[in-house]
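Since the structure comes first, as structure tokens, the remarks are kept for the end.
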């Protein structure tokens, strides 16, 4: 089974990524809500990489590999763009976002709340984001 | 994402059909940014065929909510699928926005 998808950095490619994750997860017995949460977390990371790390440059690409071991799902997303700086990340205050009419900045909060473990690594010019979710 | 709207007196009913992600949420933002929307007293959002929402879609509603509240325009979501409502709940947005079960309830609240 091919567990890897590589797409160029355009927002239109978020849908094929979600379809790929949905197809993979169809092999497990997950509720609609859990399935949607996992697809969402992967979508949020990929959207950030496509838009922010790679400035929607279609000559660049991101890759997603998915695997499962002992009831633990693992998503590995790699790119060669600008690395995410976790030390600069602050949890959003949603009420403040509403007050000032802020449009972005809640995606990573969703990922952190959905996934069991979220890691960011950089080696040379390659960035890797690892997402883990226990499903059994 | 397909967005249609219907006007009933001072109410605009916006129907969302499809998936609201970082790509498609741009057209929703354009719809809600249209100055004409500020002429209505109620905005009802029919979410029955909204199959997916990401932070970009939520962000569009977050960014317009205060403006509508300041103008005393009620924004009410209804017919929302459980998996979509769950995404609002993860961020606590269900406490800041009005989400009701169906059209009748949405109209009742809108008339209060």
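Each value in this text was obtained by applying a stated rule to the coordinates, not by laboratory testing. Everything numeric here is computed off the predicted structure, so don't read it as measured data. In this analysis, Cβ positions are derived from the backbone assuming ideal geometry, glycine residues included, and neighbour counts consider all displayed protein chains.
Just counting partner chain Cβ atoms within 10 Å, what average do the residues of peptide A:9-16 show around their Cβ?
Values: counts 0, 1, 7, 4, 1, 7, 6, 0.
If you average over the peptide's residues, the count of other-chain Cβ atoms is 3.
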In nm, give the distance between the simple-model label positions of residue A:33 and residue B:51, each being 7 Å from the Cα along the Cα-to-Cβ direction.
2.2 nm
In whole angstrom, how far apart do the alpha carbon centroids of the stretch A:20-36 and the stretch B:18-75 sit?
28 Å
Checked chain B with the C-alpha gyration tensor, a ≥ b ≥ c its square-rooted eigenvalues, rounded below a/c of 1.5, otherwise prolate if a/b is larger than b/c and oblate if not; verdict rounded
Where does the protein assembly as shown land at 222 nm, in deg cm²/dmol rounded to the nearest 500, when only DSSP H runs of n ≥ 4 count, each adding -39500 (n - 2.57), divided by all residues?
-10500 deg cm²/dmol
Antiparallel DSSP bridges in the stretch B:2-111: what percent, to the nearest 5?
30 percent
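Once the Cβ-Cβ distance between residue A:6 and residue B:39 is put in as r, and R0 is 45 Å, what FRET efficiency do you end up with, to the nearest 0.05?
Numbers: r = 47 Å, r/R0 = 1.05.
For R0 = 45 Å, the calculated efficiency reads 0.45.
Set the Förster radius R0 to 35 Å, insert the Cβ-Cβ distance between residue B:82 and residue A:119 as r into 1/(1 + (r/R0)^6), and round the FRET efficiency to 0.05. Don't skip to the end; give the middle numbers.
On the way: r = 30 Å, r/R0 = 0.86.
Result of the calculation: an efficiency of 0.70.
Rank by packing, highest mean first: peptides A:49-62, B:23-36, with packing defined as the count of other Cβ atoms within 10 Å averaged across residues. Show your work: numbers first, answer last.
Values: A:49-62: 17.5, B:23-36: 15.5.
So the order, starting with the most tightly packed, is A:49-62, B:23-36.
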Modelled FRET efficiency - R0 41 Å, residue B:104 with residue B:2, Cβ distances, 0.05 increments:
0.95
